[in-house]
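Right, one structure below, let's go through it.
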Amino acid sequence: MKGDGSEYLCLILLLLQQTSVSRPEMFEILVPADPVVADAGEDVVLPCYLKPSVSAEDMRVEWVRPDSADARVNLYEDRENRNEKQIPSYRGRTALFPEELKKGNASLRLTGVRGSDDGQYNCFIQSQVWYDDASFLVRVRAVGTEPVISMEGYREGGIGLLCESKGWHPEPELIWLDSEGHSLPAGPTETLRDSMDLFIVRRSVIVQRGDTNRFTCQVLQKLFKQEKEAEFHIHAEMFHRAHPWMVAFAVFFTLAIIGLAVLIYRHVKLRRKKGLLSQQLELERVQRYAEFERTHRYAMFESACRFAVDVTLDPDTAYPSLSLSKNGKEVKHGTTWHDLPYNPKRFTSNRNVLGKEGFSSGKFYYEVQVGKKTYWTLGVAKESINRKEEITLSPENGYWTVELRNGTKYKALAGPPVSLPLSEKPRTVGVYVDYEGGQVSFYNVEARTLIYSFTGYTFTVKLYPLFKPGLYYGKNSAPLIISPLSQKHK
């Protein structure tokens with residue numbers, strides 16, 4: 001039986017009705033074609049829009065990092081945020097705009113931009129019958145501090161310089177230039193991260209004498225075309241000390257003059273028979289005095305040992321790039337920046353750590369194994385020292401310390417520093433403090449000899465043992481080790 005065609009008309013009308021209902025449910029996502037630039041420390045909006053501008057209130061809106069193992073940045077579902085599985089670094093920092101969702105705006109607000117926020121982001125939106133997603137890049141921008149240049153002493157016939165700059169993103173390039181703008185061969189760049197995941201860069205160079213002795217540290221960030229530099233000038237006469245052959249010649253020449261004078265003096269004396277006897281007596285007197293001095297110094301060392309105390313490192317004071325052993329007896333400079341909570345006791349500009357034990361009376365003594373390290377600083381510091389800024393170590397600033405630089409240069413940081421021409425390199429250093437006597441002394445434990453004494457001071461606050469292991473490189477990668485109390489000390 002043939003129909004009159006009405007059933008076909010109904011079918012066509014039904015299909016048209018379904019099509020007209022489903023079309024509004026279809027949408028696409030619009031995101032920026034170019035990278036979004038976000039300034040470190042500021043807030044940024046990551047754009048994501050629906051086309052057409054239908055309401056996303058009842059849709060699933062998910063922001064993810066496709067280049068991360070833990071992908072979720074923010075999840076909106078069933079008209080509320082569900083961020084139980086959110087990447088930890090984003091907690092408390094993400095939010096949608098509820099009123100804007102009604103207009104098809106699913107943009108994400110990200111507060112307090114960090115270096116780790118740099119990378120690809122994906123905006124995914126799903127309704128009951130349709131979904132779409134789109135990705136774009138976020139580039140974090142941070143311009144770092146002015147470079148800071150410091151001298152590291154005489155090294156390999158030249159003078160060592162260290163340049164440091166903090167707070168960069170992306171990672172910059174650090175180069176050394178001479179006075180004519182030519183690049184200088186330098187050591188590898190040391191890179192660390194701060195608490196905002198921004199870059200800290202350091203690089204050392206050994207410079208030689210030139211026409212102007214002017215050197216420049218330049219930090220370049222090529223992606224955003226940022227540049228900062230600092231200039232350092234060295235007086236020409238300082239380079240004379242950097243050449244061992246000149247020092248050796250000066251020593252040889254001086255010794256030759258002294259030797260000639262001694263020969264003439266002895267020749268004259270030998271011709272005077274009466275002078276021979278007095279000369280012998282003088283020699284005997286000097287020998288007796290030297291023996292007395294040696295014995296006296298041994299006695300001083302033995303006396304100091306009787307006041308040995310147990311010292312443990314205080315992790316709450318440690319500079320973030322220092323690594324401490326579990327037992328609190330060893331410290332070395334590491335290659336990792338530890339993201340540590342704020343603590344008023346912590347050093348944030350000087351690579352130091354203090355002992356837990358403070359002393360405000362009596363006498364105390366402890367020993368530190370320095371081994372074959374080429375860079376270290378040891379001593380005591382006042383409890384009230386400034387721990388947040390770069391401070392020169394000196395008694396005026398609350399520090400009584402001695403140091404080793406470049407493996408051979410021993411100094412007492414007395415302000416100005418005092419060079420210590422030691423005949424024997426200490427492998428273990430003893431530190432002795434007489435609080436009421438106003439004295440801080442340092443000993444070569446193996447030789448049982450005095451290295452240096454600070455005397456005549458008046459202490460009124462607690463003193464804490466201080467340790468600075470120096471930068472991590474070569475032989476200096478070994479830790480400073482607090483010696484256990486030996487049986488003789490007990």
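The values are calculated or read from the model by the stated rules, or taken from the named source; none is laboratory data. In this text, all values refer to a predicted model and were calculated from it rather than measured experimentally. Every residue, glycine among them, receives a Cβ derived from its backbone with ideal geometry; neighbour counts consider all protein chains shown. Remember, those area values only see protein heavy atoms, side chains included, never the ligands or the DNA or RNA. Shrake-Rupley method; radii C 1.70, N 1.55, O 1.52, S 1.80 Å.
Inside segment 466-481, can you point out the residues that are among the aliphatic types (A, V, I, L, M) and either modelled with pLDDT under 90 or under 18 Å from GLY334 (Cβ atoms) (or both)? If the condition is that a residue be among the aliphatic types (A, V, I, L, M) and either modelled with pLDDT under 90 or under 18 Å from GLY334 (Cβ atoms) (or both), then LEU471, ALA478, LEU480, ILE481 are the ones that fit. Evaluation of GLY470 against the conditions (1) small (Gly, Ala, Ser); (2) out of contact with any His (no Cβ under 7 Å at 6 or more places or on another chain); (3) crowded, with 19+ Cβ neighbours inside 10 Å shows that the sole unmet condition is (2).
Residue-wise test of (1) more than 27 Å from the chain's Cα centre (by Cα); (2) open to solvent by 10 Å² or more (accessible area, probe 1.4 Å); (3) under 22 Å from ARG427 (Cβ atoms); (4) modelled with pLDDT under 95.
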position: GLU282; (1), (2), (3), (4): yes, yes, no, yes
position: TYR289; (1), (2), (3), (4): yes, yes, no, yes
position: ASP314; (1), (2), (3), (4): no, yes, no, no
position: SER321; (1), (2), (3), (4): no, no, no, yes
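Could you check segment 345-400 and list, in sequence order, the residues that are in a strand (DSSP E or B) and more than 19 Å from ASN476 (Cα to Cα)? LEU354, GLY355, PHE359, LYS363, PHE364, TYR365, TYR366, VAL380, ALA381, LYS382, TYR399, TRP400 - these are the residues of segment 345-400 that are in a strand (DSSP E or B) and more than 19 Å from ASN476 (Cα to Cα). The residue that is surrounded by the fewest Cβ atoms within 10 Å (Cβ to Cβ), among those in segment 341-364 that are closer than 13 Å to ALA318 by Cβ, in contact (Cβ under 8 Å) with a residue 40 or more places away in the chain and not polar (S, T, N, Q), is LYS345. For the condition open to solvent by 50 Å² or more (accessible area, probe 1.4 Å) and at positive phi, ARG448 qualifies.
For segment 178-205, filtering for residues that are outside any loop (DSSP other than H, G, I, E, B), open to solvent by 30 Å² or more (accessible area, probe 1.4 Å) and of a type outside the set (Ser, Thr, Tyr) leaves 3.
When ARG79, ARG93, ARG65 are checked against the criterion of being of a type outside the set (A, V, I, L, M, F, W, C) and more than 41 Å from the chain's Cα centre (by Cα), a single residue qualifies: ARG79. In segment 291-312, the qualifying residues are those that are open to solvent by 10 Å² or more (accessible area, probe 1.4 Å), at pLDDT 80 or above and β-branched (Val, Ile, Thr), and the one that is farthest from TYR452 (Cα to Cα) is THR312. Scanning segment 126-176 for residues that are β-branched (Val, Ile, Thr) and either closer than 19 Å to SER195 by Cα or without any contact (Cβ under 8 Å) to a residue 12 or more places away in the chain (or both) gives VAL140, VAL143, THR145. Take the conditions (1) in a loop (DSSP other than H, G, I, E, B); (2) modelled with pLDDT of 95 or more; LYS85 misses just one of them, which is (2).
Quick one: in segment 434-443, of everything that is in a strand (DSSP E or B) and open to solvent by less than 10 Å² (accessible area, probe 1.4 Å), which residue is farthest from GLY355 (Cα to Cα)?
Here is the first cut: in segment 434-443, the residues in a strand (DSSP E or B) are 434, 439-443.
Going one step further and asking which of them are open to solvent by less than 10 Å² (accessible area, probe 1.4 Å), we end up with 440-443.
Details: VAL440: 16, SER441: 17, PHE442: 17, TYR443: 19 Å.
Once the filter is applied, the top-ranked residue is TYR443.
Check segment 365-374 and report whether any residue there is polar (S, T, N, Q) and either within 15 Å of the chain's Cα centre (by Cα) or open to solvent by less than 20 Å² (accessible area, probe 1.4 Å) (or both). Even if it seems obvious, please write down each step before you answer.
The initial filter retains those residues of segment 365-374 that are polar (S, T, N, Q), namely 369, 374.
With either within 15 Å of the chain's Cα centre (by Cα) or open to solvent by less than 20 Å² (accessible area, probe 1.4 Å) (or both) added as a condition, the list becomes none.
No - not one qualifying residue is present in segment 365-374.
At least 1 residues being surrounded by fewer than 16 Cβ atoms within 10 Å (Cβ to Cβ) and among the aromatic types (Phe, Trp, Tyr) is the threshold, and among the strands (runs of 3 or more DSSP E) wholly inside segment 89-160 those reaching it are 131-141. Residue count for segment 405-433 satisfying the condition of being touching a residue at least 60 places away in the same chain (Cβ under 8 Å) and in a strand (DSSP E or B): 8. Residue count for segment 26-62 under the criterion of being within 17 Å of LEU96 (Cβ to Cβ), out of contact with any helix residue (DSSP H, G or I) (no Cβ under 9 Å at 6 or more places or on another chain) and in a strand (DSSP E or B): the result is 9.
Summed over segment 312-365, the residues that are closer than 26 Å to THR458 by Cβ and polar (S, T, N, Q) give a count of 5. Once segment 324-355 is narrowed to residues that are more than 15 Å from SER195 (Cβ to Cβ) and within 11 Å of the chain's Cα centre (by Cα), the residue that is modelled with the lowest pLDDT is THR335. Among the residues here, LEU15 qualifies as at pLDDT below 90, aliphatic (A, V, I, L, M) and out of contact with any Gly (no Cβ under 7 Å at 6 or more places or on another chain).
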